[in-house]
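Colleague: This is the structure I want to talk about, given as structure tokens.
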Amino acid sequence: MQNVITPDALVCDAPNDMKKTESWTANLKYLVVGVMFGIVFVKAEIISWFRIQEMFRLQSFHMYGVIGSAIVVGMISVWLIKRFNIKTMSGETVEFHPKKFNKGQIFGGLLFGLGWAITGACPGPLFAQIGSGYVVIITTLLSAVAGTWAYGYLRNKLPH
Amino acid sequence: MEFIDLIRKPWPWYVAGPLIGLTVPTLLLIGNKSFGISSSLRHICAACMPANIPFFQYNWKKEIWNLFFVVGVLMGGFLATTFLENPDSFQLSSATIADLKALGIRDFSGLMPADLFDAANLFTLKGLVFFVLGGFMVGFGTRWAGGCTSGHAIMGLSNLQWPSLVATCCFMVGGFAMTHLILPHLMKLF
């Protein structure tokens, strides 16, 4: 068990590996990708609490199809990027981050799963639900921020 | 059929899934960014209330793209609901409807059950469970696991990371446990 903060704590799991500094307006690119992502979320109804229940009750293939085909397309893309050493728009080598195993992936994963089935949402869909007019979900989002904060506060005392 | 009508209908999994998968290479190629959404919650903590906690002491401004991304997701949700709304009613599997009716859900009209996610429930026990407790577990759990469905299930598995497979399996186990073992008891409380 590791109870000391390692430098890993200061590394983000979805990091920005771009070496060139981006202007403030360059961030609009990510906003646009987010918009398209949000539209897909709503149109495929995966932001629906009902669809999540359907998935966990094994009563529809829909969610498994969405997640499964997303992973397959992602895998092929990552393979192609690595195989042909495809560079980013600004000519940099794409960085990948090996994930280290720790027990948090088990305990945290189970805890997230419990919350997923209650709220009918993972972090992404939470934002799309709010945008779709379920304004009350702001409470869930704030609670998720509080949960993240509490994790940061208790991190040294938790098994990893 | 008009193109716009086709878009307004719910999208099948084989259209939506690949589009979500394409987010991975898009983010990598437009700016060397690894896909992951729960990090945005950490950046919000780091930006708003770091409270001298080492976990929140990092240069969140470098990661601000992630916050632009989630604001985009929110706007996308708004645009899709406002301009591309499904003209037909929501089609849920009849088995799920039967199961949820048995649990006390009555309203099946929207994407979210009005019986649970209504502002009127905000300050009730129901609200405490479905908004506060549920949200807290999502936030605490994803950070402890080091990612959520996007960071682990999609980005992690795309990059063949076995710890992400462990995390994804645990996400599913937790969800099955809540749905089949705990939710029936929770619903009896209200």
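Colleague: Among (1) open to solvent by less than 40 Å² (accessible area, probe 1.4 Å); (2) part of a helix (DSSP H, G or I); (3) out of contact with any helix residue (DSSP H, G or I) (no Cβ under 7 Å at 6 or more places or on another chain), which single condition is B:Phe131 missing?
Modeller: The number of the failed condition is (3).
Colleague: Which of the residues that make up segment A:146-160 are open to solvent by 10 Å² or more (accessible area, probe 1.4 Å) and either at the interface with another protein chain (Cβ under 7 Å from one of its Cβ atoms) or assigned to a helix (DSSP H, G or I) (or both)? Spell out the reasoning first.
Modeller: To start, the set of residues in segment A:146-160 that are open to solvent by 10 Å² or more (accessible area, probe 1.4 Å) comprises A:146, A:149-150, A:153-160.
Hits for segment A:146-160 are A:Ala146, A:Trp149, A:Ala150, A:Tyr153, A:Leu154, A:Arg155, A:Asn156, A:Lys157, A:Leu158.
Colleague: Taking segment B:78-106 only, how many residues are part of a loop (DSSP other than H, G, I, E, B) and touching a Gly at 6+ places or on another chain (Cβ under 9 Å)?
Modeller: 1
Colleague: Kindly provide the set of residues from segment B:64-92 that are more than 8 Å from chain A (Cβ to nearest Cβ) and either small (Gly, Ala, Ser) or open to solvent by less than 30 Å² (accessible area, probe 1.4 Å) (or both), ordered by number.
Modeller: B:Ser89
Colleague: Only residues that are of a type in the set (Asp, Glu) and over 19 Å from the mean Cα position of the chain (by Cα): list them for segment A:42-68, please. Break it down into steps so the answer makes sense when it comes.
Modeller: Narrowing segment A:42-68 to residues of a type in the set (Asp, Glu): A:45, A:54.
Within segment A:42-68, A:Glu54 is the sole residue that qualifies.
Colleague: Let me ask something additional. Considering only residues that are among the β-branched types (Val, Ile, Thr) and outside any helix (DSSP H, G or I), which ones fall in segment A:105-140? Walk me through how you get there before you give the answer.
Modeller: Going residue by residue through segment A:105-140, those that are among the β-branched types (Val, Ile, Thr) are A:106, A:118-119, A:130, A:135-140.
A:Val135, A:Val136, listed by residue number.
Colleague: Within the bounds of segment B:119-140, is there any residue that is in contact (Cβ under 8 Å) with a residue 12 or more places away in the chain and closer than 30 Å to A:His97 by Cβ?
Modeller: For segment B:119-140, residues in contact (Cβ under 8 Å) with a residue 12 or more places away in the chain and closer than 30 Å to A:His97 by Cβ: present.
Colleague: Name the single residue, out of those in segment B:54-63 being buried (at least 20 other Cβ atoms within 10 Å of the Cβ) and at the interface with another protein chain (Cβ under 7 Å from one of its Cβ atoms), that is nearest to A:Lys20 (Cα to Cα). Show your work before the answer.
Modeller: Here is the first cut: in segment B:54-63, the residues buried (at least 20 other Cβ atoms within 10 Å of the Cβ) are B:55-56, B:60, B:63.
Then keep just the ones that are at the interface with another protein chain (Cβ under 7 Å from one of its Cβ atoms); that gives B:55-56, B:63.
Values: B:Phe55: 25, B:Phe56: 24, B:Glu63: 14 Å.
Going through the qualifying residues, I end up with B:Glu63.
Colleague: Then there is this: I'm trying to understand the selection: among the residues of segment B:34-52, which are buried (at least 19 other Cβ atoms within 10 Å of the Cβ), within 7 Å of another protein chain (Cβ to nearest Cβ) and either assigned to a loop (DSSP other than H, G, I, E, B) or over 20 Å from the mean Cα position of the chain (by Cα) (or both)?
Modeller: Listed by number, the residues that qualify are B:Ser34, B:Phe35, B:Gly36, B:Ile37, B:Ser38.
Colleague: On to the next question. What pairs come up if the first residue lies in segment B:1-24 and is closer than 24 Å to A:Ile71 by Cα, the second is of a type in the set (D, E, K, R) and assigned to a helix (DSSP H, G or I), and their beta carbons are under 7 Å apart, counting only those six or more places apart or on different chains?
Modeller: B:Pro10/A:Lys43; B:Trp11/A:Lys43; B:Ala16/A:Lys43
Colleague: Still on this structure, I have one more. Among (1) of a type in the set (Gly, Ala, Ser); (2) open to solvent by 20 Å² or more (accessible area, probe 1.4 Å); (3) more than 7 Å from chain A (Cβ to nearest Cβ); (4) part of a helix (DSSP H, G or I), where does B:Ser109 come up short?
Modeller: Result: B:Ser109 fails condition (4) only.
Results for (1) surrounded by fewer than 17 Cβ atoms within 10 Å (Cβ to Cβ); (2) in contact with a strand residue (DSSP E or B) (Cβ under 6 Å, 6 or more places away or on another chain); (3) facing another protein chain (nearest Cβ under 7 Å), shown as yes or no for each residue.
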| position | (1), (2), (3) |
| --- | --- |
| B:Gly146 | no, no, yes |
| B:Thr149 | no, no, yes |
| B:Asn159 | no, no, yes |
| B:Val166 | no, no, yes |
| B:Thr179 | no, no, yes |
| B:Pro184 | yes, no, no |
| B:Met187 | no, no, no |
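Colleague: Within segment A:72-91, work out how many residues are among the polar types (S, T, N, Q) and more than 7 Å from chain B (Cβ to nearest Cβ).
Modeller: Kept after step one, since they are among the polar types (S, T, N, Q), are these residues of segment A:72-91: A:77, A:85, A:88, A:90.
Next, only the ones that are more than 7 Å from chain B (Cβ to nearest Cβ) stay: A:85, A:90.
The total comes to 2.
Colleague: Among the residues of segment A:92-132 satisfying the criterion of being within 7 Å of another protein chain (Cβ to nearest Cβ) and among the hydroxyl-bearing types (Ser, Thr, Tyr), which is surrounded by the most Cβ atoms within 10 Å (Cβ to Cβ)?
Modeller: Residue satisfying both the conditions and the ranking: A:Thr119.
Colleague: Let me ask something else. Is it the case, given these coordinates, that A:Thr139 is hydroxyl-bearing (Ser, Thr, Tyr), at pLDDT 95 or above and more than 21 Å from B:Leu116 (Cα to Cα)?
Modeller: On the way: hydroxyl-bearing (Ser, Thr, Tyr): yes; at pLDDT 95 or above: yes; more than 21 Å from B:Leu116 (Cα to Cα): no.
Here the answer is no, as A:Thr139 does not meet what is asked.
Colleague: May I pose another question? Considering only residues that are of a type in the set (A, V, I, L, M, F, W, C) and under 21 Å from the mean Cα position of the chain (by Cα), look in segment B:112-125 and name the one that is surrounded by the fewest Cβ atoms within 10 Å (Cβ to Cβ). Quick ask: steps written out before the conclusion?
Modeller: Within segment B:112-125, the subset of a type in the set (A, V, I, L, M, F, W, C) is B:112, B:114, B:116-117, B:119-120, B:122-123, B:125.
With the extra rule that they be under 21 Å from the mean Cα position of the chain (by Cα), the set shrinks to B:112, B:114, B:116-117, B:119, B:122.
Working: B:Met112: 23, B:Ala114: 15, B:Leu116: 23, B:Phe117: 25, B:Ala119: 11, B:Leu122: 15.
Going through the qualifying residues, I end up with B:Ala119.
Colleague: Hey, another quick one. I need the full set of residues from segment B:3-33 which are more than 7 Å from every other protein chain (Cβ to nearest Cβ) and either touching a helix residue (DSSP H, G or I) at 6+ places or on another chain (Cβ under 9 Å) or among the hydroxyl-bearing types (Ser, Thr, Tyr) (or both), in order please. I'd like the intermediate steps shown before the answer.
Modeller: The first filter runs over segment B:3-33 and keeps only residues more than 7 Å from every other protein chain (Cβ to nearest Cβ), leaving B:3-9, B:12, B:15.
B:Ile7, B:Arg8, B:Lys9, B:Pro12, B:Val15, listed by residue number.
Colleague: Separate question: Filter segment B:112-126 down to the residues that are assigned to a loop (DSSP other than H, G, I, E, B), of a type outside the set (D, E, K, R) and more than 8 Å from every other protein chain (Cβ to nearest Cβ) and list them by number.
Modeller: Step one: of segment B:112-126, the residues assigned to a loop (DSSP other than H, G, I, E, B) are B:112-118, B:122-124.
Then drop every residue that is not of a type outside the set (D, E, K, R), which leaves B:112-114, B:116-117, B:122-124.
Scanning segment B:112-126 gives B:Ala114, B:Phe123, B:Thr124.
The values are calculated or read from the model by the stated rules, or taken from the named source; none is laboratory data. It should be emphasised that the depicted structure is a prediction, and the values quoted were computed from it without experimental measurement. Heads up, the Cβs are rebuilt from the backbone with ideal geometry, glycines too, and the neighbour counts pull from every protein chain shown. To get the accessible areas, we keep the full protein, side chains included, count just its heavy atoms, and leave off ligands, DNA and RNA. Shrake-Rupley method; radii C 1.70, N 1.55, O 1.52, S 1.80 Å.
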